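What follows is a short report on a single structure.
The values are calculated or read from the model by the stated rules, or taken from the named source; none is laboratory data. Note that the structure is predicted; figures quoted are calculated from it, not measured. Cβ: placed from backbone, ideal geometry, glycine included. Neighbour counts: every protein chain shown. To get the accessible areas, we keep the full protein, side chains included, count just its heavy atoms, and leave off ligands, DNA and RNA. Shrake-Rupley method; radii C 1.70, N 1.55, O 1.52, S 1.80 Å.
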Amino acid sequence: MRLIDSHVHLDGLRDAEGAIVRARDAGVDGVVAMGANMETSAGALDAAILHPGYVFPGIGVHPADALKVEVGEAVAFTDSNASGAVAIGEIGLDYAYGFAKQNDVRERMRALYSGLLDVAEAHNLPVSVHSRSAYSDALKLLRGRGVPGAVFHWFDGPIHILREVLDSGYYVSATPAAAYSRGHRAVVSETPLERLLVETDSPVYLRAEARDSEPSDVRLTVRAVAELKGVEPEEVAQVSTRNAEHLFRLPAV
Ligand SMILES: [Zn+2]
């Protein structure tokens, strides 16, 4: 079985090195390590150097940090490090945060996201998009951009927007929430396997297990997707891995 965890925050794990060993032992063939700010993006690049052919780095600034960074600085940092990355991510919009109620804050998130999309275009890199409560705007700002691909990570937006995401040729990624979240389950059910990636978004807390997740838990995502789709877990692993390899242009595992 070939398997890739397509979205992980290694910096958030209490024991990232141990988690990588456990992921290898669990049969996970690679992880895409996303950055969420300049520091953790640099960390993702370092982890990739430490684990060549296993950890593949994404660099970017998450909308949660939109007020903590200067847009020009974030864009310049990402631009100067893009050659070492497989993706620009995690980037996007999130209007659900308490601080994001005001329009000027949302405007700043959009400026940051747009600036980072410029970098992705300039370097011909795919993007990993966070779009919570900003599904339509996240898609609108992306569509028509000359990026080679995109994944709407942990998408749980409305189905009519999902259809636009899929019609635009983008991927959607499933997380362990595919086992319990009504919105996310609806999205995974509606998305053809040929457009699905699997991930953990580690260290996001696993409700059922009452602990933080790590990349080996991508098997929970595979199991949940397989149940929803009525197919064998092997098929989910196989197809989603092929999708991740295609999107992020990874060496075939
Ligand atoms: Zn994430």
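Across all Cα pairs in the chain, the calculated P(r) in 10 Å bins from zero up to the longest distance comes to 8, 34, 39, 17, 1 percent per bin.
Counting heavy atoms of the protein chains alone, Ser80 has an accessible area of about 90 Å² for a 1.4 Å probe.
For the stretch 117-225, the spread of Cα positions along the three principal axes, ordered from largest to smallest, is 41, 28, 25 Å.
Could you check how much of the accessible area of the stretch 106-218 is carbon and sulfur, as a whole percent, using a 1.4 Å probe? After summing per-atom areas, the C and S share lands at 46 percent. Per-residue ellipticity at 222 nm, computed for the chain from helices alone with -39500 (n - 2.57) per DSSP H run of at least four residues, works out to -13500 deg cm²/dmol. Residues in the chain average 41 Å² of solvent-accessible surface per residue, probe 1.4 Å, ligands and nucleic acids excluded.
In this structure the amide hydrogen of Gly35, modeled in the peptide plane, comes within under 5 Å of the amide hydrogens of Gly58, Ile59, Gly60, Gly89, Glu90, none closer than 5 places in sequence on its chain. May I ask for the distance between the Cα centers of the stretch 237-253 and the stretch 171-223, given as a whole number of Å? So the separation of the two Cα centres works out to 17 Å.
Counting only trypsin sites (Lys or Arg not before Pro) that DSSP places in a loop and that have at most 11 other Cβ atoms within 10 Å, the longest clean stretch of the chain runs over 102-253.
In this rough spin-label picture, where each label sits 7 Å from Cα along the Cβ direction, the Glu209-Ser80 distance is 3.8 nm. Of the complete DSSP H runs in the chain, those spanning 15 angstrom or more by Cα along the long axis with a mean Kyte-Doolittle score not below -0.5 are 38-50, 71-81, 103-123, 218-229. How would you classify the stretch 36-96 from its alpha-carbon gyration tensor, with a ≥ b ≥ c the square roots of the eigenvalues: rounded for a/c under 1.5, else prolate if a/b is greater than b/c, otherwise oblate? Prolate, since a/c reaches 1.5 and a/b exceeds b/c.
Could you size up the charge dipole of the chain around its Cα centre, putting +1 on the beta carbon of Lys and Arg and -1 on that of Asp and Glu, and report it in debye to the nearest 20?
So the dipole magnitude of the chain works out to roughly 580 debye.
Counting DSSP beta bridges with both partners in the chain, what percentage is antiparallel, nearest 5?
Of all bridge pairs located within the chain, approximately 10 percent are antiparallel.
For the stretch 107-207, applying the loop criterion from DSSP together with a ceiling of 13 other beta carbons within 10 Å to the chymotrypsin sites (Phe, Trp or Tyr not before Pro) yields Tyr180. Counted over all Cα-Cα pairs of the stretch 1-102, pairs farther apart than 22 Å make up 33 percent. When DSSP beta bridges are restricted to pairs lying wholly in the stretch 97-233, around 20% turn out antiparallel. Taking GluC sites (Glu not before Pro) in DSSP loop states with no more than 15 other Cβ atoms inside 10 Å as exposed sites, the chain has its longest site-free stretch at 71-208. Candidate cross-link partners of Lys68 among the lysines, defined by an alpha-carbon separation under 20 Å and a same-chain spacing of 8 or more, comprise Lys101. For His160 and Asp104, the difference between the fully extended length at 0.36 nm per residue and the C-alpha to C-alpha distance is 17.4 nm. Backbone amide hydrogens, once placed in the peptide plane, bring Ser6 within less than 5 Å of Val32, Val198, Glu199, Thr200, excluding anything fewer than 5 places away on its chain. Cα centroids of the stretch 24-57 and the stretch 87-156: 21 Å apart.
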